[in-house]
Amino acid sequence: MASFAEYNPLTGVEQWVDATADDHRLQVQYKQDVEPLLEVCKAERNDGLTDYGIKQDLWLYARIPPTVILKLRFEHGVDIFKRDHLKRAFEIINRDYPALKCTEKRHTLKQ
């Protein structure tokens, strides 16, 4: 059974640890309530609030919480902080996490 390890008040991320003595494994889980963030994204998307800077190359495309950053990294092998991973990150966000998008527009990168 997992036990609470720590809470980051800045990000809202909880860390839970499950150590099983049987097979000598340690499993770390991260949990976060992203509902408030999803509501912000929805409002921005519905009102077009983030589309104003597209022509000036300034565009808020999505708000990605820490737990999704970890999921992208460990389940998909995508590091959103590396430029050469961004094309794949946009594909995954468009397909699997559209609620994180702050716009109705679709962005892709050419490589």
- Task: Scan the stretch 35-50 and give yes if some residue there is modelled with pLDDT under 90, touching a Phe, Trp or Tyr at 6+ places or on another chain (Cβ under 9 Å) and either surrounded by fewer than 12 Cβ atoms within 10 Å (Cβ to Cβ) or within 13 Å of Lys105 (Cα to Cα) (or both), otherwise no.
- Result: yes
- Could you tell me whether the stretch 64-81 includes any residue that is in contact with a strand residue (DSSP E or B) (Cβ under 7 Å, 6 or more places away or on another chain), surrounded by 16 or more Cβ atoms within 10 Å (Cβ to Cβ) and closer than 22 Å to Thr11 by Cβ? yes
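A quick yes/no check of all residues on (1) in contact with a helix residue (DSSP H, G or I) (Cβ under 9 Å, 6 or more places away or on another chain); (2) aliphatic (A, V, I, L, M); (3) at pLDDT 95 or above:
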residue	(1), (2), (3)
Pro65	yes, no, yes
Ile69	no, yes, yes
Leu72	yes, yes, yes
Gly77	yes, no, yes
Lys87	no, no, no
Tyr97	yes, no, yes
Leu100	yes, yes, yes
Glu104	yes, no, no
His107	yes, no, no
- Of all residues making up the stretch 60-92, the number that are among the aromatic types (Phe, Trp, Tyr) and not in a loop (DSSP other than H, G, I, E, B): 2
- Residue list for the stretch 93-106, restricted to those being assigned to a helix (DSSP H, G or I) and crowded, with 18+ Cβ neighbours inside 10 Å: Ile93, Leu100
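The values are calculated or read from the model by the stated rules, or taken from the named source; none is laboratory data. Note that the structure is predicted; figures quoted are calculated from it, not measured. When we count neighbours, we look across all protein chains shown, and the Cβ atoms used for this are built from the backbone with ideal geometry, even at glycine.
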